[in-house]
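Structure record follows, encoded as structure tokens.
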């Protein structure tokens, strides 16, 4: 079955320290992968996407993610956390076949401590 | 504003009533998706359309749920005989897709349903 696993339900970091949010997906021939962010009472916003071009993808607000096929991972990173990064982050996979076009992970809540 | 628009933003209804939500996608997008999100969970896929064709509806939660996209533009999601467990945020998204390829999906702000 198509699936995506976010390994941490909650991550807490200090402001100015690196962020790592982990995501693994079930193997598929050609997945597209996305990270979305959801701030409280706001809609889902696309952070970045991987669609079989460069494996290191840069997104908005200083976030980036690396597609590692051998590890079936697509972890999200940021060198230095800002207070405004506190939000819920979702890893999303889209497969070229199958009945569910976009599969969401359960989300990782990022807290940033001053 | 050319983003995905959902109406209403909030709906409070009594148990047993029917409700209908509307989604207007980005105008050139041919794919439209409905998701449900409950508190503390990720969005759960319900159904999607390519133009006016409903390509997947087996994930609709029960036969009380139905969706339409009659002219391949806006879509409606109807819930009949609402139950308290239907209380959730209902999200609509759209994208441009052709065959196996798919651009990223753009989401609306959602409709928050409360069944009392």
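The values are calculated or read from the model by the stated rules, or taken from the named source; none is laboratory data. Only a predicted model underlies this, so the values are computations on that prediction, with no experimental measurement involved. A quick note on method: Cβ atoms are made from the backbone with ideal geometry, for glycine too, and the neighbour counts reach across all protein chains shown.
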Q) Quick one: would you say residue A:40 is in contact (Cβ under 8 Å) with a residue 40 or more places away in the chain and within 24 Å of residue B:92 (Cα to Cα)? A) yes
Has the range B:41-56 got at least one residue that is touching a residue at least 40 places away in the same chain (Cβ under 8 Å), closer than 26 Å to residue A:39 by Cα and not in a strand (DSSP E or B)?
-> yes
Scanning the range B:96-112 for residues that are over 12 Å from the mean Cα position of the chain (by Cα) and more than 8 Å from chain A (Cβ to nearest Cβ), the one modelled with the highest pLDDT turns out to be B:96
Picking from B:90, B:48, the residue that is farther than 22 Å from residue A:42 by Cα, under 10 Å from the mean Cα position of the chain (by Cα) and surrounded by 14 or more Cβ atoms within 10 Å (Cβ to Cβ) would be B:48
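Just checking, which of B:60, B:77, B:39 is at pLDDT below 90 and surrounded by 14 or more Cβ atoms within 10 Å (Cβ to Cβ)? Outline the logic, then answer.
Working: B:77 fails: at pLDDT below 90; B:39 fails: surrounded by 14 or more Cβ atoms within 10 Å (Cβ to Cβ).
It is B:60.
If I ask for residues that are more than 14 Å from chain B (Cβ to nearest Cβ) and in a strand (DSSP E or B), which ones from the range A:40-73 would you list? Walk me through it before giving the result.
Within the range A:40-73, the first condition is being more than 14 Å from chain B (Cβ to nearest Cβ), and the residues that meet it are A:54-56, A:58, A:61-64, A:66-73.
If the condition is that a residue be more than 14 Å from chain B (Cβ to nearest Cβ) and in a strand (DSSP E or B), then A:56, A:58, A:64, A:66, A:67, A:68, A:73 are the ones that fit.
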Picking from A:25, A:36, the residue that is closer than 27 Å to residue B:9 by Cβ and crowded, with 20+ Cβ neighbours inside 10 Å would be A:36
Within the range A:1-22, restricting to residues that are surrounded by fewer than 19 Cβ atoms within 10 Å (Cβ to Cβ) and within 24 Å of residue A:101 (Cα to Cα), the one that is farthest from the chain's Cα centre (by Cα) is A:1
Of (1) closer than 15 Å to residue B:107 by Cα; (2) touching a residue at least 60 places away in the same chain (Cβ under 8 Å); (3) touching a strand residue (DSSP E or B) at 6+ places or on another chain (Cβ under 8 Å), residue B:28 satisfies every one except (3)
